[in-house]
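Participant: Below are the structure tokens for one structure; questions will follow.
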Amino acid sequence: MHPKSRSESPKSSSESPTELEKPLPLGDHRKDHQASRSFRHIFQRRRIDLDSIATQPSVFDDPVALEVYRPPPEYENTHRFDPDARWTWREEKKLVRKIDIRIMIWAGVMFFALDLDRTNISQANTDNFLQDLHLTTNDFNLGNTLYRLSFLIAELPSQLISKRVGPDVWVPTQITLWSIAALSQYWLSDRRSFLATRFILGFLEGGFIPDVVLYLSYFYTKTELPIRLAWFWVSNYITVMVSAFLATGILSLRSGDRAGWRYLFLIEGLITFAVGIISYFLMPPGPTQTKAWFRPKGWFTEREEVIMVNRVLRDDPTKSDMHNREGLTIRMIWSAVCDWRMWPIYVLGITHMIPVGTPQTYLTLSLRNLGFTTTQSNLLTLPSTTCGLLTLLLTSYLSEFVHSRVGACLVLQIWALPLLVVLRGFGRSTNQWDYFAVVTLITGFPYIHPIQVAWASRNSGSVRTRTISASVYNMFVQAGVIIYANIYRADDAVSDKRGNLILIIVCSANFIIYMSTYFFYRGINRHREQQWSKMTATERETYLETTKDLGNERLDFRFAY
């Protein structure tokens with residue numbers, strides 16, 4: 001029999017009022033993985049009784065904290081909140097698998113569509129794209145800069161629109177609009193049209209990622225989200241592999257004055273357009289809002305909705321702070337932007353990808369310059385893509401196993417530094433396959449961006465801050481992309497020695513930034529723990545009932561690092 005809340009349990013005439021009011025016991029406390037775990041335990045899976053209670057202890061088990069954190073009436077899932085609800089591990093695991101199938105897989109498909117339209121410029125480059133439009137390397141750099149700049153500008157406005165109308169409405173609209181801009185590149189004619197479409201495309205795509213991350217946080221706990229985001233970014237690598245094969249076939253359509261790259265933009269834009277239309281029907285507003293005229297029974301039963309809502313709120317009670325269609329005020333936005341506790345993660349957003357981003361941007365163009373054909377250049381990106389996919393997953397799981405965001409993220413810098421030193425030592429006489437081997441390893445780097453996205457979400461501490469921090473963090477990431485897209489210059493094109501030296505310097509600096517972030521958050525946590533431990537039980541209750549601190553400002557909030 002499934003554990004049930006008091007509202008679900010049938011009354012028996014033999015039960016006393018005291019017995020009826022006594023809630024069922026909680027499950028064993030499943031803490032975040034501890035950094036002190038032994039190496040052997042990292043690879044051992046904990047055995048659990050699937051029919052035992054899975055409901056985790058939370059603030060809702062304390063009568064005082066319950067009233068402090070009780071979801072407000074305007075929260076869309078309040079009707080499914082029940083502090084006495086209990087469920088088994090069997091139920092929870094089955095439900096999480098169902099969420100993965102219904103929600104997570106389509107999120108990956110939408111990300112596939114984003115990457116298809118924003119990265120096919122690399123395949124176009126292998127088909128004489130620059131020569132056909134009479135563009136230089138610097139023109140190409142400017143186009144990428146305009147794309148990233150508009151992408152950055154659109155981040156926050158897009159997130160605010162999404163928060164007001166709901167990601168289930170805004171995200172499909174975004175995809176549909178940018179697909180039209182993407183397929184219109186079929187009619188590019190000169191430098192001006194190239195720069196204009198890059199800017200428009202970036203502006204329409206900006207905000208998509210933080211919109212989807214916020215949407216996924218409605219369904220997953222803070223320990224589940226980093227791994228789900230890792231798989232979310234796997235679609236990025238799948239896109240690279242699939243698009244390489246698509247480009248090999250589509251680019252061969254070149255005939256007369258119609259280049260193959262024109263058909264590439266047109267066909268892949270139409271694919272994305274189809275994804276955008278379908279997304280209107282496959283993105284429900286939230287866990288308890290899956291019913292629609294075309295889906296009258298919804299995706300989840302009432303029991304499943306109770307489990308979904310209560311397990312997420314027990315993990316993070318602040319997720320009920322706002323309705324999923326509640327907009328943000330200017331004051332809320334300014335307060336979130338001024339949250340200095342989030343600034344170290346924003347700084348890392350700029351710098352973490354610079355050492356490897358530049359070689360990745362120019363991979364296909366570099367391969368063409370080495371003498372490889374169009375087909376060879378596209379297919380030779382597959383080894384680095386496969387390597388990157390595997391290291392992405394390994395690093396994301398490592399982050400959860402060792403319970404250290406900084407430790408897992410440093411893997412990228414450790415990976416890149418010696419390879420960049422070797423790359424800078426190459427010259428004109430270097431064998432093309434030696435160059436290919438080193439660049440493949442550099443561009444097959446452990447992609448730790450999903451870890452940092454989840455890290456920013458975790459340390460936000462409230463829906464208000466999480467909404468803004470997702471956009472602000474991604475804005476800083478795009479600023480980093482603008483920087484690294486302009487490190488290789490035309491006057492250094494022969495060996496890129498100057499550019500590679502810059503990458504080595506930035507990579508070395510990242511070690512210092514990460515360690516500073518580690519001690520920054522650890523210091524705040526220790527200070528708060530000392531203050532909290534000095535308070536009596538009565539003082540803690542008074543603080544919880546009267547404090548005006550919000551989100552990560554609260555004395556009982558602890559940062560991940």
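Participant: Mind grabbing the accessible area of Lys98 for me, 1.4 Å probe, Å², rounded to tens?
Facilitator: We get 50 Å² for Lys98.
Participant: Under the definition of Cα pairs under 8 Å and six or more residues apart, what whole-number percent is the relative contact order of the chain?
Facilitator: Numbers: 812 pairs, mean separation 115.0, N = 561.
Relative contact order comes out at 20 percent.
Participant: Let me ask you something else. Taking Cα centroids, how far is region 396-469 from region 72-105 in Å?
Facilitator: 33 Å
Participant: In Å², and per residue, what accessible area does region 402-492 have when probed at 1.4 Å with the other protein chains present? Don't jump to the answer; show the numbers that get you there.
Facilitator: On the way: 2850 Å² over 91 residues.
Accessible area per residue: 31 Å².
Participant: Still on this structure, please answer the following. If the viscosity is 1.567 mPa s and the temperature 4 °C, what Stokes-Einstein diffusion coefficient in µm²/s follows for region 215-346 when Rh is the Kirkwood radius over Cα pairs?
Facilitator: After rounding, the answer is 68 µm²/s.
Participant: Starting from the Cα of Glu326, step 7 Å toward the Cβ, then list every residue of region 511-555 with an amide N under 16 Å from that point.
Facilitator: Only 549-552 fall inside the zone, counting backbone N under 16 Å.
Participant: Still on this model: Using the Cα centre as the reference, give the magnitude of the dipole from point charges on the C-beta atoms of the chain (Lys, Arg: +1; Asp, Glu: -1; all else neutral), rounded to the nearest 20 debye. Each step should come with its number before you reach the end.
Facilitator: Details: 60 positive and 51 negative charges, 138 e Å.
In total the dipole reaches around 660 debye.
Participant: Next question. Which helices pass in the chain if a helix is a full DSSP H run, must span at least 18 angstrom along its long axis by Cα, and must have mean Kyte-Doolittle hydropathy not below 0.5? All intermediate terms of the calculation are to be shown ahead of the outcome.
Facilitator: Numbers: long enough: 105-125 (30 Å, 0.42); 137-165 (41 Å, 0.08); 167-183 (24 Å, 0.85); 191-205 (21 Å, 0.48); 225-250 (36 Å, 1.32); 260-282 (33 Å, 1.45); 302-315 (20 Å, -0.59); 382-402 (30 Å, 1.15); 405-424 (30 Å, 1.74); 463-484 (32 Å, 0.75); 497-534 (57 Å, -0.14).
Helices passing the filter in the chain: 167-183, 225-250, 260-282, 382-402, 405-424, 463-484.
Participant: Still on this model: Stokes-Einstein diffusion coefficient for region 329-488 at 20 °C in a medium of 1.002 mPa s, Rh from the Kirkwood formula over Cα pairs: what value in µm²/s?
Facilitator: Working: Rh = 17.2 Å.
It diffuses with D of about 125 µm²/s by this estimate.
Participant: What part of the accessible area of region 507-561, given as a whole %, is carbon or sulfur when the probe is 1.4 angstrom? Can you show the working numbers first?
Facilitator: On the way: 1810 of 3240 Å².
Solvent-exposed carbon and sulfur of region 507-561 make up 56 percent of the total.
Participant: Among the aspartates and glutamates, select those whose C-alpha is under 17 Å from the C-alpha of Lys93, and discard any that sit fewer than 8 residues away in the same chain.
Facilitator: Candidates past the 8-residue exclusion: Asp28, Asp49, Asp51, Glu224, Glu302, Glu304, Glu305, Asp315.
Participant: Working with all protein chains in place, sort Ser516, Ser457 by solvent-accessible area computed with a 1.4 Å probe, largest first.
Facilitator: Details: Ser516 65, Ser457 15 Å².
Reading off the accessible areas and sorting them downward yields Ser516, Ser457.
Participant: If you don't mind, another one. Hey, any idea what % of region 396-436's accessible area is carbon plus sulfur with a 1.4 Å probe?
Facilitator: Numbers: 1260 of 1980 Å².
Summing carbon and sulfur atoms, their accessible area is 64 percent of the total for region 396-436.
Participant: Here is a follow-up. Can you tell me the Rg and Dmax of the chain, counting just the alpha carbons, in angstroms?
Facilitator: 25.3, 90
Participant: Taking region 505-561 on its own, what percent of its Cα-Cα pair distances exceed 17 Å?
Facilitator: Here the long-distance tail beyond 17 Å is 51 percent of all Cα pairs in region 505-561.
Participant: Related question: Quick check: residue separation of Thr78 and Val337 times 0.36 nm, minus the Cα distance between them. What number comes out in nm?
Facilitator: Working: separation 259, 0.36 × 259 = 93.24 nm, distance 2.87 nm.
The span from Thr78 to Val337 would gain 90.4 nm if fully extended.
Participant: Something else now. In deg cm²/dmol and to the nearest 500, what is the mean residue ellipticity at 222 nm of the chain if only DSSP H runs of at least 4 residues count, each as -39500 (n - 2.57), divided by the residue total? Can you show the working numbers first?
Facilitator: Values: 25 runs with 359 residues, N = 561.
That comes out to -21000 deg cm²/dmol.
Participant: Over region 80-206, what percent of the accessible surface lies on carbon and sulfur atoms, probe 1.4 Å?
Facilitator: Carbon-and-sulfur percentage of accessible area, whole number: 64.
Participant: Compute the distance in nm between two label points, each set 7 Å from the Cα along the Cα-to-Cβ direction, one at Phe294 and one at Arg258.
Facilitator: If labels sit at Phe294 and Arg258, their model points lie 3.1 nm apart.
Participant: Moving on to the next point. Just the number please: accessible area per residue for region 75-195, 1.4 Å probe, all protein chains included, in Å². Write down the numbers at each step before the final one.
Facilitator: Working: 4260 Å² over 121 residues.
On a per-residue basis, 35 Å².
Participant: If you count only protein heavy atoms with a 1.4 Å probe, what accessible area per residue comes out for region 298-365, rounded to a whole Å²?
Facilitator: 35 Å²
Participant: Among Ile238, Thr542, Val212, whose Cα projects farthest towards the positive end of the dipole of the chain, with charges put on the beta-carbon of Lys, Arg (+1) and Asp, Glu (-1)?
Facilitator: Checked the options; the winner is Ile238.
Participant: Along the charge dipole of the chain, pointing to its positive end and built from +1/-1 on Cβ of Lys, Arg, Asp and Glu, which listed residue (Ile101, Trp299, Leu379) has its Cα farthest out?
Facilitator: Leu379
The values are calculated or read from the model by the stated rules, or taken from the named source; none is laboratory data. On a predicted model such as this, the values are computed, not experimentally measured, just so you know. Glycine gets a Cβ as well: all are built from the backbone with ideal geometry, and neighbour counts include every protein chain shown. Only protein heavy atoms, including side chains, enter the accessible area calculation; ligands, DNA and RNA are left aside. Shrake-Rupley method; radii C 1.70, N 1.55, O 1.52, S 1.80 Å.
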